[in-house]
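The values are calculated or read from the model by the stated rules, or taken from the named source; none is laboratory data. Here the structure is a predicted model, which is why all the values come from computation and not from measurement. Cβ sites come from the backbone with ideal geometry, for glycine too, and all protein chains shown count toward neighbours. Areas reflect the complete protein model, heavy atoms only, side chains present, ligands, DNA and RNA absent. Shrake-Rupley method; radii C 1.70, N 1.55, O 1.52, S 1.80 Å.
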Amino acid sequence: MSKMVGLKPSEVPPPLGVKVLSAGTAACIADLVTFPLDTAKVRLQIQGEKAAVEAAKNIRYRGVLGTIGTMVRTEGPRSLYNGLVAGLHRQMAFASIRIGFYDNVKQFYTRGKESEWNGVRRQRAGGRDGGDSVGGSPSRIGR
């Protein structure tokens, strides 16, 4: 019987490319599930702004589920996913990088020692990640 040299298969971390692709794919799946709810939320917000201006004379949507029902009846089910392509691009571009690089950034700030993951290093890593997030915000406009 031969002895295995090095790391056991379960201890081998996935390569960075696999982490980034997995993170982006997971974010896209989450976006597919939540997109209709977000679309309904935006419609309700826009209606609220118009209602304030027009004194709520013609309220079309009532609640999230009512909004989804109205959209499906009047515009068809595809209306729930208007702007999905921009959302998926945003997820693959930004979420994949933020989530995929998490372990690498943590390793960088802790120098490989879990005990080094103290408050100051967490703040530095969080500040870097927050700065990256600000760059991703304009992509929400493409919706």
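Observations on the model:
- Which numbered condition Ala52 fails, given (1) at pLDDT below 75; (2) open to solvent by less than 50 Å² (accessible area, probe 1.4 Å); (3) of a type in the set (A, V, I, L, M, F, W, C): (2)
- Residue match in the stretch 57-73 (condition: modelled with pLDDT under 85, surrounded by 11 or more Cβ atoms within 10 Å (Cβ to Cβ), touching a Lys or Arg at 6+ places or on another chain (Cβ under 8 Å) and not β-branched (Val, Ile, Thr)): yes
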